[in-house]
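The values are calculated or read from the model by the stated rules, or taken from the named source; none is laboratory data. Owing to the predicted nature of the structure, the values given are computational and were not obtained by experimental measurement. Please note: Cβ atoms are built from the backbone with ideal geometry, for glycine as well, and neighbour counts cover all protein chains shown. Heads up: the accessible areas ignore ligands, DNA and RNA and are worked out on the full protein's heavy atoms, side chains in. Shrake-Rupley method; radii C 1.70, N 1.55, O 1.52, S 1.80 Å.
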Amino acid sequence: MKLPTMQKRRTFINKTGLLLSGISIIPQYAFKPNFQKKKLSVCLVGLGNYSENLLAPALQLTEHCELRGIVTGSPEKIPLWQKRYGLADKNVYNYDTIGAIANNPDIDVIYIVLPTGLHSIYAVKAANTGKHVWCEKPMAKTAVECLAIIDACTKNKVKLSIGYRMQHEPNTQKVIRWSKTKPFGAIEKVRAEIGWNITKPPDTWRMDAELGGGLIYDVGVYCINAMRYTTGLEPVSVTARHENTRPEVYKEVPETSIFKLDFPSGIMASGKTTAAENVNILRADCTKGWHELSPFQSYRGVKGKASDGTLLNSYIENQQARQMDDDALAILENRSLMVPGEEGIKDVRIVEAINKSAETGKMVKLS
Ligand code: NAD
C-alpha cells in the first residue's frame, strides 16, 4: 500500500525510535504513549457486505491494527473467514457468546458492523467486555440509544469511535480546515445531497424501519455531518419533508427526504437523500467564493474544486484502512479519537428532528 504522508511520518517515527528515545517531533504523540502493544487486534461483529468486502480487506492493509476475531450468527461463514484470515477457533463468537470476549486477551477492539437498529444493543455489550468499541455509522437509531453506548463506554473506561470515514479523508479534511480559516469568506449557504436512482431496492433491513433502514439514516448522516463540518457550527432548527413516488416499494422508509438546517449567523443548509436520482455533492457558497466536493461521499475518488481554481484532488488508496489506523494509533497513544460518540449522537438527533418535522409539517428547534 502506498503510504500517505502522515503514515510515512508515523513509520519514520516508529523506525527511528524517536518517541522511544524521548525525542518527539510531534508534541501530542508524547502524551501517555502505550508501547506495550504495536498493533491493536480487532474483532468484527456482523459479517455482511461492509465487513466482508471493505473492512476485512482494509484491515490487511493497516499498519496499527489487525483482524483477529469475528462475531457472527451465520455458522456457514466461519470456515471461509478462518481460512482467509487465519482466525483461531477461540476468537470466533456468536451473538450469544460475545460477552466472553471479556476474557480474551487476543482482542483489543470490537467493531460493530450490524444493521443500525442493532448497534446500540451490541455496542453496549461490547463496551461491557472492557474492550474498545468502534461502531459503524449511523451511530444508532435514536439519540437515547446513542447515549446508552456513550454511557457504557464511559462506565467501562473504553474508547469509542464512529465509522465516519470521510473525516479521515484528506480532501474532506481540507474542507473541515476551511470552516476555521474561511479562505472564501463567511459561508452563506451549504448544499449536501446524496442519492442513487435505485430501480431495484434491496430486500433487506435497509427497507425495514425497525432495524434502522432508510436512506435518511444510511446516508443522510453523511449530509448532516458534512453540513456540520463544513460550517464548523451546530444547527438551531430543522424543516423537512419526505417524498415517495413508489409507496408500494418504499412502505416503511422514505424514498426521498428533503431538509433544511438553519445554522447560527443565518447560514442555510439544504440537504437531500434520495433513491430516485443520482446525486453526490457538498457545496458551500461564501461571501467571496465557493468550494465543492463531488462526489463528497465515496469509497474512492472524493474530489472537488474551489472558486479560486484550487483543486481538491488528494487521493488515498483505502479510506477504511486510514480510518482504522487513525483510530488504532489514537488508542495506542491514549489520544482523543477523531470521531467520538459525541459526534455520532449529534447527527442522529438531527435525523430524529428531520423525521419529526416531516411527520408534523412543522419546524423543529434543536436545543
Ligand atoms: P449487510 O446487510 O450487508 O450486513 C449486515 C450483517 O448483519 C449481516 O451479516 C447480517 O447477517 C447481520 N445481522 C445480524 N442480525 C441481523 C438482523 N436481525 N437482520 C439483518 N441482519 C442481521 O449490511 P452492511 O452494508 O454490511 O452494513 C452494516 C453496517 O455498516 C450498517 O450500520 C451500515 O450503515 C454500515 N456501513 C457503513 C459504511 C461506511 O462507509 N462507513 C458502508 C456500508 C455500511
Legend entry - Cβ-Cβ under 9 Å pairs, at least 6 apart or on other chains, the stretch 80-107 side touching a residue at least 60 places away in the same chain (Cβ under 8 Å), far side part of a loop (DSSP other than H, G, I, E, B): Asp106/Ala88; Ile107/Thr129; Ile107/Lys131
Inset, instruction - Identify all residues within the stretch 190-209 that are in contact (Cβ under 8 Å) with a residue 40 or more places away in the chain and over 20 Å from Asp347 (Cβ atoms); write none if there are none. - result: Trp196, Asn197, Ile198, Pro201, Met207, Asp208
Legend entry - Answer from Pro57, Pro79 - the residue that is closer than 24 Å to Glu317 by Cα, open to solvent by 40 Å² or more (accessible area, probe 1.4 Å), part of a helix (DSSP H, G or I) and within 16 Å of the ligand (Cβ to nearest atom): Pro57
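Would the stretch 176-183 turn up any residue that is assigned to a strand (DSSP E or B), small (Gly, Ala, Ser) and either within 16 Å of the ligand (Cβ to nearest atom) or open to solvent by less than 30 Å² (accessible area, probe 1.4 Å) (or both)? Reasoning before the result, please.
Residues of the stretch 176-183 assigned to a strand (DSSP E or B): none.
No, the stretch 176-183 contains no residue that is assigned to a strand (DSSP E or B), small (Gly, Ala, Ser) and either within 16 Å of the ligand (Cβ to nearest atom) or open to solvent by less than 30 Å² (accessible area, probe 1.4 Å) (or both).
Evaluate the following for Thr204: is it more than 16 Å from the ligand (Cβ to nearest atom) and either within 30 Å of Tyr250 (Cα to Cα) or touching a Phe, Trp or Tyr at 6+ places or on another chain (Cβ under 7 Å) (or both)?
Working: more than 16 Å from the ligand (Cβ to nearest atom): no; either within 30 Å of Tyr250 (Cα to Cα) or touching a Phe, Trp or Tyr at 6+ places or on another chain (Cβ under 7 Å) (or both): yes.
For Thr204, the condition - more than 16 Å from the ligand (Cβ to nearest atom) and either within 30 Å of Tyr250 (Cα to Cα) or touching a Phe, Trp or Tyr at 6+ places or on another chain (Cβ under 7 Å) (or both) - is not met.
Does Gly17 satisfy the criteria of being surrounded by 14 or more Cβ atoms within 10 Å (Cβ to Cβ) and either under 30 Å from His119 (Cβ atoms) or modelled with pLDDT under 95 (or both)?
In short, no.
Taking the condition open to solvent by less than 20 Å² (accessible area, probe 1.4 Å), out of contact with any His (no Cβ under 6 Å at 6 or more places or on another chain) and within 17 Å of Ile176 (Cβ to Cβ), does Ala330 pass? Steps first, answer last, please.
On the way: open to solvent by less than 20 Å² (accessible area, probe 1.4 Å): yes; out of contact with any His (no Cβ under 6 Å at 6 or more places or on another chain): yes; within 17 Å of Ile176 (Cβ to Cβ): yes.
The answer is yes for Ala330.
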Inset, instruction - Scan the stretch 292-305 and give yes if some residue there is open to solvent by 30 Å² or more (accessible area, probe 1.4 Å), away from the ligand (no atom under 16 Å from the Cβ) and on the phi > 0 side of the Ramachandran plot, otherwise no. - result: no
Legend entry - Subset tally (residues that are assigned to a loop (DSSP other than H, G, I, E, B) and either under 17 Å from Gly214 (Cβ atoms) or within 10 Å of the ligand (Cβ to nearest atom) (or both)) for the stretch 110-154: 10
Inset, instruction - Please go through the stretch 166-175 and pick out each residue that is open to solvent by less than 10 Å² (accessible area, probe 1.4 Å) and either assigned to a helix (DSSP H, G or I) or modelled with pLDDT under 95 (or both). - result: Met166, His168, Asn171, Thr172, Val175
Inset, instruction - Sort out which residues of the stretch 118-164 are without any contact (Cβ under 8 Å) to a residue 12 or more places away in the chain and in contact with a strand residue (DSSP E or B) (Cβ under 9 Å, 6 or more places away or on another chain), and write them in order of number. - result: Thr154
Inset, instruction - Check the stretch 92-104 and report whether any residue there is assigned to a strand (DSSP E or B), within 13 Å of the ligand (Cβ to nearest atom), open to solvent by less than 30 Å² (accessible area, probe 1.4 Å) and of a type in the set (A, V, I, L, M, F, W, C). - result: no
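Based on this model, can you work out whether Val348 counts as more than 26 Å from Glu66 (Cβ to Cβ), buried (at least 18 other Cβ atoms within 10 Å of the Cβ) and touching a helix residue (DSSP H, G or I) at 6+ places or on another chain (Cβ under 9 Å)? Can you show your working first?
Working: more than 26 Å from Glu66 (Cβ to Cβ): yes; buried (at least 18 other Cβ atoms within 10 Å of the Cβ): yes; touching a helix residue (DSSP H, G or I) at 6+ places or on another chain (Cβ under 9 Å): yes.
So Val348 fits the description; yes.
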